[in-house]
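The values are calculated or read from the model by the stated rules, or taken from the named source; none is laboratory data. What you see is a predicted model, and the numbers here were worked out from it, not measured in a lab. Methodologically, a virtual Cβ is constructed for each residue, glycine included, from the backbone with ideal geometry; neighbour enumeration extends over all protein chains shown.
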Amino acid sequence: MKYRISALACAVLTALCVVPLQAGRVDAKPASLCAQDEALIFTCPVAGQKLLSICASRQYGPDLGFLQYRYGPADKPEMLIPAVATAPAKAAKSGLWSFSGGGGAYIQFINGKTAYYVYSAIGKWGKKGKTAAKAGVAVEKDGKLVSRIRCMAPETSELGPDFFGKAGLSEVENEIDVPE
């Protein structure tokens, strides 16, 4: 009889321990401006309770599907570039940084005379030269930096050579510096 009580107690304790762990293991997408049926390429929260996201169709390639920059509140983006979702090779250009102690990647979207550089980088620019990460968007108008919006929390990012190659993105003509 003692054995049955111990087995029952063990089963109850196991159930109580496993249920909370499984409840916490929800594989939810991070907050983004991408729809459930879209591929999330980049996202992070920014100031003003807004999001910065790059979304693509589930299936994409240089001339297949779409790629789009989105910015604004979670319930309704206030900026879409390009305004109409466009094939990746026509929607954006890409770039990579390589430097001692780190590197990074960025993607450029153009809207008229304004360029939006969504970036993710890691380098030794932390306090006392410690490795630190940076991510966000740098905005240039007529070739001059007019705004920089930092991610307020770690980003979710697919930016890099693998994504750039699959999407067929050409390289940005004028490399930008890592935003301060």
Discussion item. Can you say whether residue 147 is within 19 Å of residue 45 (Cα to Cα), free of Cβ contacts under 8 Å to residues at least 40 places away in the same chain and of a type outside the set (Asp, Glu), as far as the supplied structure shows?
Written reply: yes
Response to the item:
With criteria (1) in contact with a strand residue (DSSP E or B) (Cβ under 8 Å, 6 or more places away or on another chain); (2) at pLDDT 95 or above; (3) over 19 Å from residue 72 (Cα atoms), residue 162 comes up short on (1)
Discussion item. Considering only the stretch 21-36, I want to know if a residue exists there that is modelled with pLDDT under 65, small (Gly, Ala, Ser), over 22 Å from residue 154 (Cα atoms) and not in a loop (DSSP other than H, G, I, E, B).
Written reply: yes
Item to complete: Return the total of residues in the stretch 60-110 being in contact with a strand residue (DSSP E or B) (Cβ under 9 Å, 6 or more places away or on another chain) and either under 21 Å from residue 143 (Cα atoms) or assigned to a strand (DSSP E or B) (or both).
Response: 35
Practice prompt. Sort out for me the strands (runs of 3 or more DSSP E) sitting completely within the stretch 111-168 that have 2 or more residues that are touching a Gly at 6+ places or on another chain (Cβ under 7 Å).
Written response: 114-123, 144-150
Worksheet entry | Residue ID - surrounded by the fewest Cβ atoms within 10 Å (Cβ to Cβ), chosen from residues in the stretch 70-116 that are in contact (Cβ under 8 Å) with a residue 60 or more places away in the chain and not hydrophobic (A, V, I, L, M, F, W, C) | 93
